[in-house]
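What follows is calculated from the coordinates using simple rules that are stated; it is not laboratory data. This one's a predicted model, so the numbers in the text were calculated from it and none came from an experiment. For neighbour counting, all protein chains shown are included, and Cβ atoms are generated from backbone atoms with ideal geometry for every residue, glycine included.
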Amino acid sequence: MSSRIGVDIGGTFTDFIIYDEEKNSVTIDKIPTTPNSPEKAVIDVIKRNLDKNELEKVEFFLHGTTVGLNSLLERKGSKVGLLCTKGFRDILEIRRGDRDEMYNLFWQPAPPLVPRYLRLEIEERLFANGTVHSPIKVDQLKKACEVFNKEDVNSIAIAFINSYTNKDHEKTAEKILRESGFEGQISLSSMVSGEYREYERTTTTVIDAYVKARMSNYLNNLKKELNTIGFRGTFLVTRSGSGSMTFDEAEDRPFETIMSGPVAGAEGAGELSRKLKNTDMVTADVGGTSFDTCLILNGRPQIQFEGKILGLPVQSPWVDVRSIGAGGGSIAYLDDGGLIRSGPQSSGAVPGPACYNKGGEKPTTTDAAFYLGMLGEGKLASGLQLEKSLSEKALNSVGSKINMTAQETAIGILKISSANMADAIREITIEQGVDPRELKLLAFGGAGPLMSNLIAQELDIKEIIVPPYSGNFSAWGLLGADLLQMNAKTKILRLSEEAITECNTILDELFIELQKRQKIDFITTNQIKEIALDMRWMGQEHTITLKLDNEKNGKISINSENLKNKFTEEYEKTFGSKLDTMVEIVSTRASIRVQLPRKSESGKIKEEDISLIKNKIDCYSFSKNKNIQFDIVSRSKIDSKTSGPLIILESTAITYVDVNYDVSKDANNNLLIVNRDMS
């Protein structure tokens with residue numbers, strides 16, 4: 001066990017949690033995010049809860065951030081130049097030759113991150129087996145450096161054809177650029193990814209170069225500020241593919257942190273599922289700006305080995321979290337046809353919803369919920385007191401245009417928001433052949449428990465789970481994020497005993513490379529080596545990833561026949577059929593996991609006290625379609641089975657329980673909310 005801090009920065013609030021080993025206690029807090037300087041909110045919330053002496057005893061600082069993601073969303077990254085093999089200059093625009101929206105005649109891809117005049121061709125060529133076809137032209141590299149310096153390029157991506165099999169040409173290019181006076185960031189595709197597919201590898205390298213400077217500056221500033229106030233422990237940030245990595249490694253490989261923020265909640269959900277005997281569930285993480293959902297099966301979030309952001313592929317392990325612009329701060333408006341819409345625009349932390357009384361005038365999901373009574377008396381974290389008259393004014397600014405009262409407008413906004421969230425859950429479940437009605441809904445985030453009844457009703461889900469620290473659950477998920485590093489190499493082999501021997505040679509190389517990348521000295525016995533293979537039937541284009549969970553020593557010990565049987569079983573499970581042809585191994589994957597010291601689950605919870613002035617409130621019931629009296633209770637007072645209608649308060653979230661639901665607590669302090677009508 002060891003003391004650790006988790007901080008998750010959202011679009012509206014920054015969530016804080018600390019597990020204090022010495023006192024066996026958990027402290028949670030939440031303050032508004034500072035968009036112009038995200039690290040400011042982090043420092044403020046830590047100083048608010050810990051003095052210097054307490055901070056010096058903390059061993060780990062674990063962080064979830066959307067700095068890299070926001071850099072892409074806002075197109076506020078570095079000015080990037082691309083060096084590519086002659087003939088491959090336009091790969092970023094040719095893409096895969098397909099359309100993201102097949103039936104949209106007006107669809108256009110986003111402009112490439114590197115304009116054509118900054119994409120420079122170099123004469124060099126490698127064969128697919130890594131041998132040299134044409135040596136690299138050094139004089140062209142020097143001329144390219146002159147162009148980049150003249151154009152004030154501050155980051156260069158180098159992506160040569162087939163360099164995943166041989167790094168020499170890219171390393172030579174990096175060396176010549178440095179000798180020629182380039183002082184900015186340089187990203188090599190052979191270091192970013194060891195896998196084939198030129199478009200995906202090139203795009204990932206460009207993304208790495210694009211976000212590297214901003215991510216590096218942010219992490220260094222945060223590290224400096226934390227050291228200044230007394231932190232002396234280890235800095236970790238969550239990876240897009242689950243687990244965590246050191247700040248130093250994140251500076252080297254920032255593309256692996258693009259989905260750092262949303263993944264923290266998925267990590268926590270996986271850990272909670274394992275405590276509940278691998279309960280299958282789907283998450284509903286409703287924050288101030290976005291709604292994130294993830295499918296948890298057999299105690300683990302689902303991982304893909306290629307993600308996509310803004311239509312751009314990222315060739316990196318990726319927890320399958322789907323996000324839409326629907327949160328507590330989502331702005332409601334009328335579209336061109338006079339219909340109410342909600343999101344994706346958000347009021348954010350500044351000015352926030354109208355009821356925050358900070359200058360916001362447009363109606364949001366929070367305004368709608370507060371006006372209907374779902375937020376009780378409107379006392380939120382950080383001493384924030386909501387103003388109902390401002391909510392009413394904002395709702396009328398939209399509703400009056402279509403002859404709807406403030407209440408009718410509020411009801412419409414919440415129904416539309418919950419329908420949007422339910423659609424995102426259908427996308428992640430039904431497309432994988434999973435019936436959402438057979439899952440439990442895990443609701444967290446500042447507005448997740450508030451919206452949980454409506455989302456569950458849309459999906460015919462019977463049982464809702466609201467975990468402890470629900471408003472700060474993503475930050476809690478950070479506390480259990482093991483240190484994890486992943487690497488992969490493409491080498492296409494027909495399955496045989498010789499191929500397995502070749503894979504083991506590749507695995508030796510991959511594990512050595514991972515250990516060199518590691519920035520912390522951990523005891524070797526604490527390392528867990530994990531193996532996976534990308535496999536397919538001969539003649540196929542795409543693969544499925546077969547995890548070899550029983551191989552613990554970093555080697556494949558099973559024979560080719562058993563490996564083929566495992567692949568066939570997994571293939572039939574996924575596609576319902578099998579082929580009568582040879583099997584190929586396409587890529588070999590290696591991971592090193594170092595488990596952080598486990599945290600105690602029996603600690604005392606310290607949180608801001610939300611005092612109750614009233615114990616009842618007039619609130620709208622979506623089950624009865626009318627206003628009725630709801631009891632207002634503190635979460636700590638739920639000791640036995642209780643029936644709705646209820647408004648359940650805790651410091652960082654509010655849970656809305658309609659008439660047709662029963663509430664109880666399990667041994668892990670989770671709220672279990674069950675729909676009686678579906679019994």
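Percent relative contact order of the chain, based on C-alpha pairs within less than 8 angstrom and at least six residues apart?
Once divided by the residue count of the chain, the mean separation gives 13 percent.
Ignoring everything except DSSP H segments at least 4 long, calculate the 222 nm mean residue ellipticity for the chain; use -39,500 (n - 2.57) per segment, divide by total residues, nearest 500.
That calculation yields -9500 deg cm²/dmol at 222 nm.
Can you tell me the orientation of helix 260-275 relative to the chain, as the angle in degrees between its alpha-carbon axis and the longest Cα principal axis, to the nearest 10?
70
I want to verify the translational diffusion coefficient of segment 483-594 in µm²/s; compute it with Stokes-Einstein, Rh as the Kirkwood radius over Cα pairs, at 10 °C and 1.306 mPa s.
Roughly 109 µm²/s, to the nearest whole number.
Take the Cα of residue 668, step 7 Å along the line toward its Cβ, and report every residue of segment 314-337 whose backbone nitrogen sits under 20 Å from that point.
320-321
Of 473, 10, 667, which is farthest towards the positive pole of the chain's charge dipole, taken about the Cα centre with +1 and -1 on the beta-carbons of Lys, Arg and Asp, Glu respectively?
Toward the positive end, the furthest listed residue is 10.
Projected onto the charge dipole of segment 483-594 (+1 at Lys/Arg Cβ, -1 at Asp/Glu Cβ, origin at the Cα centre), which of 514, 490, 558 gives the Cα projection farthest towards the positive end?
The listed residue farthest towards the positive side: 514.
Once each part is reduced to its C-alpha centroid, what is the distance from segment 360-414 to segment 77-128 in angstrom?
One Cα centre to the other: 46 Å.
Work out the FRET efficiency for residue 22 and residue 44 from their Cβ-Cβ distance, taking R0 = 25 Å, and round it to the nearest 0.05.
Numbers: r = 24 Å, r/R0 = 0.96.
According to the calculation, E is roughly 0.55.
Provide Rg and Dmax in Å for the chain, with only Cα atoms included in the calculation.
26.1, 80
Give me the lysines in straight-line cross-link reach of residue 566: C-alpha distance below 28 Å, same-chain residues under 8 apart excluded.
Residue 566 reaches 275, 277, 489, 491, 529, 547, 552, 555, 578.
At R0 = 56 Å, how high is the FRET efficiency between residue 275 and residue 121 if r is their beta carbon distance? Nearest 0.05 is fine.
Using R0 = 56 Å, I get an efficiency of 0.55.
Cα-based count: Lys pairs in segment 75-211 below 18 Å, eight or more positions apart or different chains?
15
Identify the residues of segment 663-679 with backbone N under 15 Å of a label point that sits 7 angstrom from the Cα of residue 615 along the Cα-to-Cβ direction, or state none.
Flagged as within label range: none.
For residue 220 and residue 345, compute 0.36 nm times the residue count separating them, minus their Cα-Cα distance, and round to one decimal in nm. Each step should come with its number before you reach the end.
Details: separation 125, 0.36 × 125 = 45.00 nm, distance 3.06 nm.
Using 0.36 nm per residue and subtracting the Cα-Cα distance, I get 41.9 nm.
At a Förster radius of 35 Å, what calculated FRET efficiency corresponds to the Cβ-Cβ distance of residue 400 and residue 643, to the nearest 0.05?
0.40
Mind pulling the angle between the C-alpha long axis of helix 198-228 and the longest principal axis of the chain? Nearest 10 degrees, somewhere in 0 to 90.
For helix 198-228, the angle is close to 60 degrees.
Give, in nm to one decimal, the length gained when the segment between residue 53 and residue 497 is fully stretched (0.36 nm per residue of separation minus the Cα-Cα distance). Could the numbers behind the result be given before it?
Values: separation 444, 0.36 × 444 = 159.84 nm, distance 5.84 nm.
Taking 0.36 nm per residue and subtracting the Cα distance, the gain is 154.0 nm.
Starting from the 7 Å offset along Cα-to-Cβ, what nm value, one decimal, do you get for the label separation of residue 570 and residue 431?
Distance between the two pseudo-spin positions: 2.1 nm.
Using the Karplus curve 6.51 cos²θ - 1.76 cosθ + 1.60 with θ = phi - 60°, what ³J(HN,Hα) values do you get for each residue of segment 413-428, in whole Hz, with x for Gly and Pro?
4, 5, 5, 5, 4, 5, 5, 4, 5, 5, 4, 5, 5, 4, 4, 7
What number results when the radius of gyration of segment 75-211, computed over Cα atoms, is divided by 2.2 N^0.38 Å?
1.04
Give the angle, between 0 and 90 degrees and rounded to the nearest 10, that separates the Cα long axis of helix 388-399 from the longest principal axis of the Cα atoms of the chain.
Helix 388-399 sits roughly 70 degrees off the main axis of the chain.
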